[in-house]
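The values are calculated or read from the model by the stated rules, or taken from the named source; none is laboratory data. All values derive from a computational prediction rather than experimental measurement. Glycine also receives a Cβ, built like all others from the backbone with ideal geometry; neighbour counts cover every protein chain displayed.
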Amino acid sequence: MAESHLLLIWVFLVYLAYALVPKQQRKKLDDKAVKCIFVGYNSESKGYCLYHPQSKRILVSRDVVFVEDAIQPLLSCTNGQ
(Lines give C-alpha, C1' and ligand atoms only; values in the text may rest on other atoms or scores of the structure.)
Protein backbone atom coordinates (compact mmCIF):
# COMPACT_ATOMS: atom_id res chain seq x y z
CA MET A 1 0.00 0.00 0.00
CA ALA A 2 1.54 3.30 -1.08
CA GLU A 3 1.22 6.29 1.17
CA SER A 4 0.31 9.56 -0.42
CA HIS A 5 1.65 12.69 1.15
CA LEU A 6 -0.32 15.84 0.71
CA LEU A 7 1.45 19.13 1.23
CA LEU A 8 -0.92 21.89 2.23
CA ILE A 9 0.20 25.45 1.75
CA TRP A 10 -1.73 28.14 3.55
CA VAL A 11 -1.30 31.68 2.41
CA PHE A 12 -2.09 34.39 4.93
CA LEU A 13 -1.90 38.06 4.19
CA VAL A 14 -0.09 40.09 6.81
CA TYR A 15 -1.45 43.61 7.18
CA LEU A 16 0.94 46.05 8.79
CA ALA A 17 -0.68 48.61 11.07
CA TYR A 18 0.35 51.26 13.55
CA ALA A 19 -1.61 51.57 16.79
CA LEU A 20 -1.64 54.84 18.67
CA VAL A 21 -0.13 54.75 22.16
CA PRO A 22 -2.30 56.87 24.48
CA LYS A 23 -0.71 60.04 25.79
CA GLN A 24 -0.99 58.80 29.39
CA GLN A 25 1.11 55.71 28.57
CA ARG A 26 4.05 57.41 26.86
CA LYS A 27 6.73 59.87 27.87
CA LYS A 28 7.88 62.94 25.99
CA LEU A 29 10.38 61.18 23.68
CA ASP A 30 8.54 57.85 23.27
CA ASP A 31 7.00 56.81 19.98
CA LYS A 32 3.39 57.85 19.45
CA ALA A 33 2.53 54.59 17.69
CA VAL A 34 3.67 50.96 17.75
CA LYS A 35 4.09 48.69 14.76
CA CYS A 36 1.63 45.79 14.81
CA ILE A 37 0.05 43.10 12.65
CA PHE A 38 -3.70 43.21 12.02
CA VAL A 39 -5.43 40.10 13.41
CA GLY A 40 -9.14 40.87 13.18
CA TYR A 41 -12.03 42.80 14.63
CA ASN A 42 -13.07 42.91 18.27
CA SER A 43 -16.60 41.60 18.78
CA GLU A 44 -17.00 43.12 22.25
CA SER A 45 -16.17 46.73 21.38
CA LYS A 46 -15.49 48.93 18.40
CA GLY A 47 -11.85 48.32 17.68
CA TYR A 48 -9.24 46.34 15.83
CA CYS A 49 -7.32 43.40 17.26
CA LEU A 50 -3.61 43.77 16.61
CA TYR A 51 -0.64 41.56 17.43
CA HIS A 52 2.37 43.41 18.83
CA PRO A 53 5.41 41.20 18.04
CA GLN A 54 7.82 42.91 20.46
CA SER A 55 5.65 42.34 23.53
CA LYS A 56 3.94 39.21 22.07
CA ARG A 57 0.52 40.54 23.07
CA ILE A 58 -2.81 41.23 21.43
CA LEU A 59 -3.87 44.88 21.53
CA VAL A 60 -7.34 46.29 20.95
CA SER A 61 -7.32 49.79 19.53
CA ARG A 62 -9.65 52.10 17.64
CA ASP A 63 -6.86 54.46 16.62
CA VAL A 64 -5.09 52.47 13.90
CA VAL A 65 -3.38 53.46 10.66
CA PHE A 66 -3.00 50.68 8.09
CA VAL A 67 -0.04 50.61 5.71
CA GLU A 68 -1.65 49.32 2.52
CA ASP A 69 1.62 49.17 0.58
CA ALA A 70 3.12 46.75 3.11
CA ILE A 71 0.74 43.80 2.63
CA GLN A 72 2.89 40.67 2.52
CA PRO A 73 1.98 37.00 2.15
CA LEU A 74 2.97 34.74 5.03
CA LEU A 75 3.32 31.12 3.92
CA SER A 76 2.68 28.20 6.20
CA CYS A 77 3.38 24.66 5.03
CA THR A 78 1.93 21.59 6.69
CA ASN A 79 2.02 17.91 5.86
CA GLY A 80 -1.49 16.53 5.67
CA GLN A 81 -1.83 12.77 6.03
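Points worth noting:
Residue-by-condition table, conditions (1) part of a loop (DSSP other than H, G, I, E, B); (2) charged (D, E, K, R); (3) modelled with pLDDT of 90 or more:
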{"residue": "7", "(1), (2), (3)": "no, no, no"}
{"residue": "12", "(1), (2), (3)": "no, no, no"}
{"residue": "15", "(1), (2), (3)": "no, no, no"}
{"residue": "24", "(1), (2), (3)": "no, no, yes"}
{"residue": "29", "(1), (2), (3)": "yes, no, yes"}
{"residue": "51", "(1), (2), (3)": "no, no, yes"}
{"residue": "58", "(1), (2), (3)": "no, no, yes"}
{"residue": "75", "(1), (2), (3)": "no, no, no"}
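- Hey, residue 32 exposed (fewer than 10 other Cβ atoms within 10 Å of the Cβ) and without any contact (Cβ under 8 Å) to a residue 40 or more places away in the chain or not: no
Yes/no matrix, rows are residues, columns are (1) of a type in the set (Val, Ile, Thr); (2) at pLDDT below 90:
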position: 39; (1), (2): yes, yes
position: 42; (1), (2): no, yes
position: 65; (1), (2): yes, no
position: 69; (1), (2): no, yes
